[in-house]
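First up is the structure itself, then whatever we jot down about it.
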Amino acid sequence: MSDARIAPPSFGARALGSAPLILFAAMLVYIGLNAPNFLSLFTLELILVQSLPVVIVCSGLSLVVMTGGDDVVSGGIDLSIPATAVLCAGIVAQWLSGDGGLGLATVMALLAALAVGLVNAALVTRIGVTPLLTTLSMFVAVVGINNVVTQSRRIGVDHPAILWLRDADVLGWPVSIPIALLVALALYHLAHRTRLGLHMQATGGSRDAAEISGLDTRKLQALSFVLAALAGFAASFFLLARGSGSSPGTEDNLLLEMVLATFLGAAFSPRRVVTLWGAVLGAILVAAISIGFKSMGVDVFWTGLIKGSLILIVVAFGSVAQRGR
Amino acid sequence: MVGTIGLRGIFIRFGFLLVFAAFALFFAVVNPVFATGGNLMNIAEGSAILLIVALGMTLIVATGGIDLSVGIALDFGAAFSIVAMQSYGADWVTACAAGVIGGSLVGLLNAALVVGLRVSPFMATLGTFFIGSSVQRIFTNGGGPISFRQMPDGFRNLAMGNVGGVPMEVVIAAILAVIYFVVLERSVWGRRIHAMGMQRSAATVAGIRVNRILIVCYVAAAATCAVGGLIAGASIRMFTPLSGFAYLLDAIAAVFIGAALHPRGRPNVPGTIAGVLFLGMVVNGLNLMGLNFNTKDALSGIILVSALALAVAQRRMR
């Protein structure tokens, strides 16, 4: 995956490489022509608001992948972020339903997220369990803990701050959109505009080379897991706002959409690597496709089939284009 | 390391087994029922389907991949066999064959993606998982179970029968485990699979037909999971869509606990069996303690994380 070639890609490879984007554009145009109200500002707002939790967890995941390398089995991956997000949402909702204050609830959720991030980091960098396995089993454990916290109940939240995040407008747009954008921008700034971020990327690019140049790759990888858990913490508030509370079972769909969006994003990037903007774009496109098919009246049972085929088509294009170079 | 005695040496050799034993002792002390023969058979019976799925997973992980669609193959096994009997009046042997063939379709799709299109196994089987789940929803109009009360005794016996007092599902799982053990650990085929999993390019250069082996492995793994689906269908006399997903994480965990117990960290059949029995024992023991459902879930999750950490740490210290 990571063999760098100096020669520019051939025309055929470039055409194949942009195929995923063309495919998506074509699909959106098709939906736009067939669903009456799809191409409207209102739908765009709906899509963006719907995608926000995924956007945030995807940003966190792309940091982990950038630092750990893009091999899904042996490289960096963090499947526990959706579970962390759901746990934080559960803690906040449970605490608020017991007449607790939002401040303390936030602090407790933050501590829980930090704990998950630190356990992930310790298991991966100290004990040497592969990230896939670590975060998969942490997903199970964290979801289990959330079910103890919430007793697997749906907990509604009507705290003014959460309702504000859900309903408030700024210049005619839901306030949650610019806030999520700020979170993603902050992570982007960290990854691409700071020394620390470049060190993280160097670690993912070639761990050996990064170590030889004196970077503490273990510490950097540990940091990526903590940052990912914090992204989960941030996403929890968008989950609470989107669902007006916390519901059990949210984590499964969030996990699938996160993985889909992040690796879809990689297919859009010129070098086929996971990038933060690719992941964000992926998350928005996934939401657009879901909402688009729904507004076309396509049965909801079919969306999994459509999403699954999309991943496969896009990833297959990617691997064919890679070989064509 | 030869001759090292002391805590470190003991931990390195027997760490995981000691913890296994400690858990068993703890459960037995808390509830004496745990250690009775009948309950141990319960554990074996409860672990049979997971073992069958985990065997398929062991094969795929040995090739250097991962299979996220094992649950779909299991569901297809149950669905095809039950529909064959209910809608087409098939006898139970034909129904079993239909189930295994139905499950193999999932493996064929995976093989086509991994070998034909060179999609990474993670993404390919994730895609298969999405598609397979959706197909089940479409087929059952949203996920309602298909129940079939009047199933032939032959089929029902897959789950309810016994051989000399040993439940049939344990017998089937044991037979499959022996076959997997012989093929994967004691045959030329197994050597080739391991060689390929450790270093694909070296295996290709050495003349191993990597693609052909991969196709066979994906289909065989899916067919194995479909056998688990037959048993699941026979035991509850219905096909419940998407029920196979429950085995996915446990199967992965069992395979990797087993791999961590191996001297060179390879997935292997005895290790997988140890992993499956450990998970089965924990679930059974926590059940007998009469804990609240949610607490039990959280505890088994935490035990899973700790067991993995311990197994890997034990190998790293060698």
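Filtering the range B:3-62 to residues that are open to solvent by less than 20 Å² (accessible area, probe 1.4 Å) and modelled with pLDDT under 90 leaves B:GLY9, B:ILE12, B:GLY15, B:PHE16.
Of everything in the range A:134-150 that is within 8 Å of chain B (Cβ to nearest Cβ), open to solvent by 10 Å² or more (accessible area, probe 1.4 Å) and β-branched (Val, Ile, Thr), the residue that is farthest from B:LEU304 (Cα to Cα) is A:VAL148. The conditions of being under 19 Å from A:MET108 (Cβ atoms) and aliphatic (A, V, I, L, M) are not met by A:LEU163.
I'd like to check something: does the range A:80-91 contain any residue that is of a type in the set (A, V, I, L, M, F, W, C) and in contact with a strand residue (DSSP E or B) (Cβ under 8 Å, 6 or more places away or on another chain)? Quick ask: steps written out before the conclusion?
Residues of the range A:80-91 that are of a type in the set (A, V, I, L, M, F, W, C), as a first pass: A:81, A:83, A:85-89, A:91.
So of that shortlist, the ones also in contact with a strand residue (DSSP E or B) (Cβ under 8 Å, 6 or more places away or on another chain) come out as A:86, A:89.
Looking for residues that are of a type in the set (A, V, I, L, M, F, W, C) and in contact with a strand residue (DSSP E or B) (Cβ under 8 Å, 6 or more places away or on another chain), one finds at least one in the range A:80-91, hence yes.
Of the helices (runs of 4 or more DSSP H) lying entirely inside the range A:210-325, those carrying at least 1 residues that are within 14 Å of chain B (Cβ to nearest Cβ) and among the aliphatic types (A, V, I, L, M) are A:250-268, A:276-295, A:302-324.
Return the residue satisfying two criteria in turn: it lies in the range B:120-131 and is farther than 9 Å from B:LEU68 by Cβ and surrounded by fewer than 24 Cβ atoms within 10 Å (Cβ to Cβ), and of such residues it is farthest from the other protein chains (Cβ to nearest Cβ). Across the range B:120-131, the extreme among qualifying residues is B:SER120. Given the conditions (1) touching a Phe, Trp or Tyr at 6+ places or on another chain (Cβ under 9 Å); (2) within 13 Å of another protein chain (Cβ to nearest Cβ); (3) assigned to a helix (DSSP H, G or I), which single one is not true for B:LEU68? Answer for B:LEU68: the failing condition is (3).
The values are calculated or read from the model by the stated rules, or taken from the named source; none is laboratory data. It should be emphasised that the depicted structure is a prediction, and the values quoted were computed from it without experimental measurement. Note: ideal-geometry Cβ built from the backbone for every residue, glycine included; neighbour counts use all protein chains shown. Heads up: the accessible areas ignore ligands, DNA and RNA and are worked out on the full protein's heavy atoms, side chains in. Shrake-Rupley method; radii C 1.70, N 1.55, O 1.52, S 1.80 Å.
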